[in-house]
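What follows is a set of notes on a single structure, which appears directly below.
Coordinate-derived values only; no laboratory data. Computed from a prediction, not measured in an experiment: that's the story for all the values here. In this analysis, Cβ positions are derived from the backbone assuming ideal geometry, glycine residues included, and neighbour counts consider all displayed protein chains.
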């Protein structure tokens, strides 16, 4: 059997927080790609 890594409470909550932040970031990236704004990084220079 695979032995699971034992996490402390702090590590557990940190993992949850990082997962939430990563999900939020991925959601925003997908939203901007759908709007067509993701690849318009240099608009301020025009």
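What label, among (i) 14.3, 49; (ii) 17.9, 59; (iii) 9.7, 28, belongs to Rg and Dmax of the Cα atoms in Å computed from the structure on display?
Entry (ii).
Extension gain residue 35-residue 12, at 0.36 nm per residue separation less the Cα-Cα distance, in nm?
Taking 0.36 nm per residue and subtracting the Cα distance, the gain is 4.8 nm.
For residue 1 paired with residue 21, estimate the spin-label separation in nm (one decimal), with each label point 7 Å from Cα along the Cα-to-Cβ line.
3.4 nm
Once the Cα atoms of helix 9-35 and of the chain are each reduced to a long axis, what angle between those two axes, in degrees from 0 to 90 to the nearest 10, is obtained?
Long axis of 9-35 versus the principal axis of the chain: about 20 degrees.
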